[in-house]
Amino acid sequence: MFIQTEETPNPVTLKFLPGRDVMEAGTADFPNRDTAADSPLAQRLFAVPEVAAVFLGGDFVTVTKVPEADWQVLKPAILGAIMEHFTSGDPVMSKAAGPAHAAGDGQNDEVVSQIVELLDTRVRPAVAMDGGDIVFHGFEKGVVFLTMQGACAGCPSSTATLKMGIENLLRHYIPEVEEVQAVA
C-alpha cells in the first residue's frame, strides 16, 4: 500500500491519501482522542502521542499534530498506523457517520436548502482538497453559522476563507444572507 501525503494550508495538519476510500459516505471529525470511540482508525492514530486531531474524508485522512511535534519524526508513525489499519481489515467506523449538516428550522427551509446546496456543490469540494470540511449549523436573522473541520479547523487562513470566500459566495447567490460566522 502506497500512501501519499499533501501539505495543507494549516502547518500543523497533513493530509494522507491511502489510495482507497476511507469513508463510504460523509466525513468524521475527531477533535481529540476522547471523541474517537466510534472509529478504530482514529483510535489507532491517537495511539501516536503527538496526534492532536483526526479528520476522515471520502478518500483521505487528515491528521493534526501538537504544535511542538516535528513532522519528519511523526510522519512515519502515522503512515504506519494508517497502513496497519487498512491491512488489518478493521472497519474505519464502528457505526455510520451522522448527517453532514444540521436540519432546516422550518421557517427558512427554502433559504437553508439553497445555502446547503451551495456549500455541498461549491465549497465542500474545495475545502476537501485542503484536507477539511465545512458543516452548516443554522441560519438565523441573515447569519449563516458554520464549523470548519479537519485541516481547516484552526488554520490561519480559515477566517479569510469564511469571510472573503464563503460569505461573499453566499451573499452573491442568496440575498437573505448578510454574514457568515464560525461556530466552535
*asked:* Could you go through the range 89-111 and let me know if any residue there is among the small types (Gly, Ala, Ser), part of a helix (DSSP H, G or I) and modelled with pLDDT of 85 or more.
replied: no
Going through the range 31-52 in order, the residues found to be farther than 19 Å from Ser88 by Cα, in contact with a Ser or Thr (Cβ under 9 Å, 6 or more places away or on another chain) and modelled with pLDDT of 95 or more are Val51, Ala52
The residue that is least open to solvent (accessible area, probe 1.4 Å), considering only those in the range 1-59 that are in a helix (DSSP H, G or I) and among the charged types (D, E, K, R), is Arg44
Taking first residues from the range 155-184 that are over 17 Å from Ala126 (Cβ atoms) and touching a residue at least 60 places away in the same chain (Cβ under 8 Å) and second residues anywhere that are surrounded by 18 or more Cβ atoms within 10 Å (Cβ to Cβ) and among the hydroxyl-bearing types (Ser, Thr, Tyr), the pairs with Cβ under 7 Å that are 6 or more apart or on different chains are none
Over the range 155-166, the set of residues open to solvent by 20 Å² or more (accessible area, probe 1.4 Å), at pLDDT 75 or above and aliphatic (A, V, I, L, M) is Met164
If we keep only residues of the range 111-149 that are within 17 Å of Ala25 (Cβ to Cβ) and open to solvent by 20 Å² or more (accessible area, probe 1.4 Å), then the residue nearest to the chain's Cα centre (by Cα) is Gln149
Cys152: passes all of (1) modelled with pLDDT under 85; (2) exposed (fewer than 14 other Cβ atoms within 10 Å of the Cβ) but (2)
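The values are calculated or read from the model by the stated rules, or taken from the named source; none is laboratory data. Please read these numbers as outputs of a predicted model, since none were measured by experiment. Note that each Cβ is placed from the backbone with ideal geometry, even for glycine, and that neighbours are counted across all protein chains shown. All accessible areas refer to the heavy atoms of the entire protein, side chains included, with ligands and DNA or RNA removed. Shrake-Rupley method; radii C 1.70, N 1.55, O 1.52, S 1.80 Å.
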